[in-house]
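Reading through the structure tokens given below for one structure.
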Amino acid sequence: MIKDTDVFIIGGGPAGLAAAIAARQRGFDVVVTDGAEPPIDKACGEGLLPHAVEALARLGIEIPSSERFALRGIRFLDADRKVNAEFSTGHGLGVRRSVLHQSMIQRAREVGVTLLWKTPVTGISSAGVITAKQTIAARWMIGADGIRSRVRRWAGVEPVRKHPPRFAFRRHYGVKPWCNCTEVYWGRRAQAYVTPVGTHDVCVVLISNDSRARFASIGLEFPELAERLASGALIGVERGAVTQPCSLNRVFRGRIALIGDASGSVDAITGEGLSLGFHQALALADALESGDLRKYQDSHQRLAWRPGLMERLLLLLGNHSKFRKRAMRTLATHPDLFARLVAVHLGDTSPGHLASTGALLGWRLVIA
């Protein structure tokens, strides 16, 4: 029976576990609770960009070499045009969500986090966190319970902006990866992104504004991709998810803070969700150590602006075919510009470089 703790985290997904590990690294007693039983799987692209890999290293999380695939860059494909760029620093990783979750659980146990699985939280009060069996007093309470966060509602911190939902469907195929990049295929009504997650399997996510979009249409939308997947057997079951970007004016109230999708989210096409959660965890731990959640608020806003900018650009490409055709023609003609955009996406750039990249892109589009 646990009577009290320094930090109580509601939600045992990647963001919650990252927050728990970061807090333990600073000496806090930490309890994590979740109503599910691990490992927790979820429909996602399963690609980690280099800055996500760097954050995992800071948290001491290691992915077994046999369970990962090194990613060297990003490739965009639209009809007969394609453009790719290598990461300017480091490498990304393709890793199954369930493998990532299990590796994070192992690290949490190593540093001494108390994990309470199959233990749903029913509420919070001035006395602490309420479960079916007891109320546990906590100095800090952290909501890491996803896009439909109950903790956010209990704390009275609701989203100020919500975008229309989008619908994602994930499959794994037993086929040898044909490149070492994460690929994004642009279609008329959907996008597909492909991430190698092993030497003989790839993750494919189909994402669309249309809830009726399914893998049955992949041959019409992405014939080149369909041809590559034709020789591979379907592994496991198809999973679906709803992605709905939202933003909040504040991510804490009193002793309660929010992290991950509970604190606002970007569209899945950015590939930034996990990276944001990991870096938020490190920033939150710093704020807890100082005893001032306002520092976390400031850090959260700084972390969110660049993914938000890239989200708007990528959704523009997805929703406006004429603009996308023009942009792809420009980027294929000037691959150095695509490399600059990838560097912006990864945060490997200064504000001045960002401004000059935006100006250069605008000029190239005008004269394309």
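Just so it is clear, none of the values below were taken in a lab; they were calculated from the coordinates. The structure displayed is predicted, hence computed values, not measured ones. Using ideal geometry, Cβ is built from the backbone for each residue, glycine included, and neighbour counts are taken over all protein chains shown.
A few remarks follow.
- Under 5 Å, built H, 5+ apart or other chain: amide partners of Asp201: Val175
- Viscosity 0.890 mPa s, temperature 25 °C, Stokes-Einstein D of segment 166-243 from Kirkwood C-alpha radius, µm²/s: 197
- Ranking of Ile147, Ile10 by count of other Cβ atoms within 10 Å, fewest first: Ile147, Ile10
- Pairs of lysines in the chain whose Cα atoms sit within less than 20 Å of one another amount to 6, provided the residues are eight or more positions apart or on different chains.
- Percent RCO, i.e. relative contact order, over segment 166-243, from Cα pairs under 8 Å lying at least 6 residues apart: 44
- Rg and Dmax, both from the Cα atoms of segment 180-312 and both in Å, are 18.4, 56.
- Sequence-separation-based contact order of segment 239-280, relative, with Cα cut under 8 Å and 6+ spacing, percent: 38
- From largest to smallest, the equivalent ellipsoid semi-axes obtained for segment 109-234 from the alpha-carbon gyration tensor read 41, 20, 12 Å.
- Site pair His91 and Asn249 shows an inter-label distance of 4.6 nm when each label is modelled 7 Å from Cα along Cα→Cβ.
- Degrees, to the nearest 10: 293-319 long Cα axis against longest axis of the chain: 30
- With both labels modelled 7 Å from their Cα along Cα-to-Cβ, the Arg26 to Ser290 distance reads 0.9 nm.
- Packing rank of 17-25, 85-93, 97-105, where each peptide gets the mean count of other beta carbons within 10 Å, highest leading: 17-25, 97-105, 85-93
- Per-residue 3J(HN,Hα) values for segment 137-149, derived from phi via the Karplus relation 6.51 cos²θ - 1.76 cosθ + 1.60 with θ = phi - 60°, read 5, 8, 5, 10, 10, 10, x, 10, 9, x, 5, 9, 3 Hz in sequence order (x marks Gly and Pro).
- Taking the chain as a Gaussian network of alpha-carbon nodes connected by springs under 10 Å, the highest mean-square fluctuation of the residues Val111, Val194, Val251 belongs to Val111.
- Degrees separating the helix 321-333 axis from the principal Cα axis of the chain, which is the longest one: 80
- The angle between the Cα long axis of helix 335-346 and the main principal axis of the chain comes to about 10°, on a 0 to 90 degree scale.
- GNM result for the chain, Cα springs below 10 Å: residue of Asp80, Asp267, Asp145 fluctuating most strongly: Asp80
- Length-normalised contact order of the chain in % [C-alpha pairs under 8 Å, at least 6 apart]: 22
- In segment 1-156, the convex hull through the Cα atoms has an average projected area of 11.4 nm², a quarter of its surface area.
- By the beta-carbon count within 10 Å of each Cβ, the least crowded to most crowded order of Trp178, Trp117, fewest first, is Trp178, Trp117.
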